[in-house]
Amino acid sequence: MNLLESKLPKVGTTIFTVMSQLAEQHKAINLSQGFPDFQPPARLVELITHHLEAGRNQYAPMAGARELREAIAEKLRSLYGVHADSETEITVTSGATEALFAAIHAVVRPGDEVIVFDPAYDSYEPAVTLAGGTTLHVPLTATSFAIDWERLKSVLSDRTRLVIVNSPHNPSGALLTDDDLRELAALLRPYGCYLLSDEVYEHIVLDGRHASVLAHPELRERSFAVFSFGKTYHATGWKVGYTVAPRALTEELRKIHQYLTFSTVTPLQYALADYLRERPDHYLSLPDFYREKRDLFARLLEPTRFELTPTRGTYFQLADYGQISSEPDTEFARRLTIEHGVAVIPISVFYAEPPKSTLVRFCFAKEEQTLRAAAERLRDV
């Protein structure tokens with residue numbers, strides 16, 4: 001029997017799984033993988049229990065429960081002035097990762113080129129590869145993690161099928177602005193390509209405001225926008241997200257979605273619909289909630305030799321360890337976990353061609369006592 005030829009020969013276990021396993025093995029404080037160590041809102045959990053007991057336990061509609069899609073449409077109108085049709089433009093998915101995969105496969109064909117900006121989330125390129133496309137990596141600027149417009153202009157062509165952006169940006173915390181979206185629209189105007197906007201941290205904007213592609217009329221006509229309830233409600237394990245796109249793009253996305261998961265966990269959808277309407281103050285208060293955690297973590301690390309970079313969004317903090325060591329970031333992250341009991345993510349894993357860098361990523365979506373305990377260990381590094 002011939003050995004199976006891998007469809008993803010360059011892909012192994014993700015760094016997030018590797019570092020979390022290493023943290024567990026060495027009883028380290030896990031500030032690597034991006035998940036909170038606190039609970040979702042108690043009222044939301046009550047609503048899930050209610051819908052479980054009310055018998056909402058069979059398949060939800062393929063596109064998502066009507067009540068949830070309508071609640072999402074109301075939120076988009078309220079926050080961004082966007083009028084999305086809940087029947088034809090909003091699709092509930094089993095996590096944002098599924099939404100990203102479905103959007104990529106809805107439009108990318110063999111031979112197409114897809115542009116991503118490094119450092120980039122690691123799920124983009126494998127989905128492009130499986131669709132038969134080629135991923136072109138355009139590095140963001142070294143210090144501000146902004147789009148280098150001249151470099152983007154140099155790689156755009158008639159072969160470009162899709163451009164993927166992410167704001168607030170993981171891992172840097174940088175934000176796209178309205179001016180950035182106008183510049184992006186101008187550059188894409190001559191090309192018949194699509195835009196995939198990963199906006200899963202939309203509510204975790206710590207300085208400034210979130211600029212959604214949905215609020216830019218020209219970009220919206222060619223865009224999939226992807227969102228995550230897991231990030232918003234401190235429940236990454238629930239894996240509920242959604243995508244918003246024009247009708248024609250949504251029709252193609254749903255063709256993929258129905259054969260990936262068909263539908264998403266039913267009682268969660270009805271509970272989220274209720275909670276969106278009942279407690280909009282939750283997502284409106286997230287910037288203050290996470291800003292306090294970011295600022296606390298920064299103060300706690302002041303006595304250390306780590307130098308923090310500005311983070312305007314997400315619950316991630318990049319830190320430069322150049323005053324501590326010159327070793328590669330993967331080796332430093334591993335040693336920090338094993339010898340000092342704090343797990344982080346090396347930033348090189350977000351690049352196709354990693355620059356020379358001494359940056360690692362911390363997750364500060366943790367209880368205060370967790371952050372204080374981690375900082376105490378980091379002061380000894």
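The values are calculated or read from the model by the stated rules, or taken from the named source; none is laboratory data. On a predicted model such as this, the values are computed, not experimentally measured, just so you know. Note that we place each Cβ from the backbone using ideal geometry, even for glycine, and neighbour counts take in every protein chain shown.
Checked against (1) surrounded by fewer than 23 Cβ atoms within 10 Å (Cβ to Cβ); (2) within 24 Å of the chain's Cα centre (by Cα), ALA333 passes all but a single condition, namely (1).
Provide a single number: the residues in segment 3-42 that are outside the structural domain of TYR351 (by TED's automatic domain parsing) and among the basic types (Lys, Arg). Residues in segment 3-42 being outside the structural domain of TYR351 (by TED's automatic domain parsing) and among the basic types (Lys, Arg): 2 in total. Considering segment 271-292, the residues that are farther than 19 Å from LEU76 by Cβ and surrounded by 20 or more Cβ atoms within 10 Å (Cβ to Cβ) include one that is farthest from the chain's Cα centre (by Cα), namely ALA271. In a residue-by-residue description of segment 93-111, the property of being among the charged types (D, E, K, R), within 22 Å of the chain's Cα centre (by Cα) and either farther than 30 Å from THR370 by Cα or modelled with pLDDT of 95 or more (or both) applies to at least one position. Residues in segment 27-57 that are under 23 Å from LEU318 (Cα atoms) and surrounded by 14 or more Cβ atoms within 10 Å (Cβ to Cβ): ALA28, ILE29, ASN30, LEU31, SER32, GLN33, GLY34, PHE35, PRO36, ASP37. Of all the criteria given as (1) among the acidic types (Asp, Glu); (2) in a loop (DSSP other than H, G, I, E, B); (3) under 21 Å from the mean Cα position of the chain (by Cα), the one not satisfied by ASP180 is (2). I'd like to check something: does segment 229-246 contain any residue that is part of a strand (DSSP E or B) and either over 23 Å from LEU276 (Cα atoms) or in the same structural domain as GLN33 (by TED's automatic domain parsing) (or both)? No: segment 229-246 contains no residue that is part of a strand (DSSP E or B) and either over 23 Å from LEU276 (Cα atoms) or in the same structural domain as GLN33 (by TED's automatic domain parsing) (or both). The requirement of being surrounded by fewer than 16 Cβ atoms within 10 Å (Cβ to Cβ), closer than 26 Å to PHE38 by Cβ and in contact (Cβ under 8 Å) with a residue 60 or more places away in the chain is fulfilled somewhere in segment 350-370, by at least one residue.
Give the residues of segment 1-35 that are farther than 24 Å from ALA120 by Cβ and touching a Ser or Thr at 6+ places or on another chain (Cβ under 7 Å), sorted by residue number. Once the filter is applied, which keeps residues that are farther than 24 Å from ALA120 by Cβ and touching a Ser or Thr at 6+ places or on another chain (Cβ under 7 Å), segment 1-35 yields HIS26, ALA28, ILE29.
Cβ-Cβ contacts under 6 Å between residues 6 or more apart (or on different chains), taken from a first residue in segment 147-161 that is farther than 14 Å from GLU113 by Cα to a second residue that is in a loop (DSSP other than H, G, I, E, B), are listed as ASP148/THR141. The criterion of at least 3 residues that are charged (D, E, K, R) and farther than 24 Å from LEU206 by Cα is met, among helices (runs of 4 or more DSSP H) falling completely within segment 96-169, by 149-155.
So, THR134, is that one at pLDDT 95 or above and within 14 Å of ALA120 (Cα to Cα) or not? No, not satisfied.
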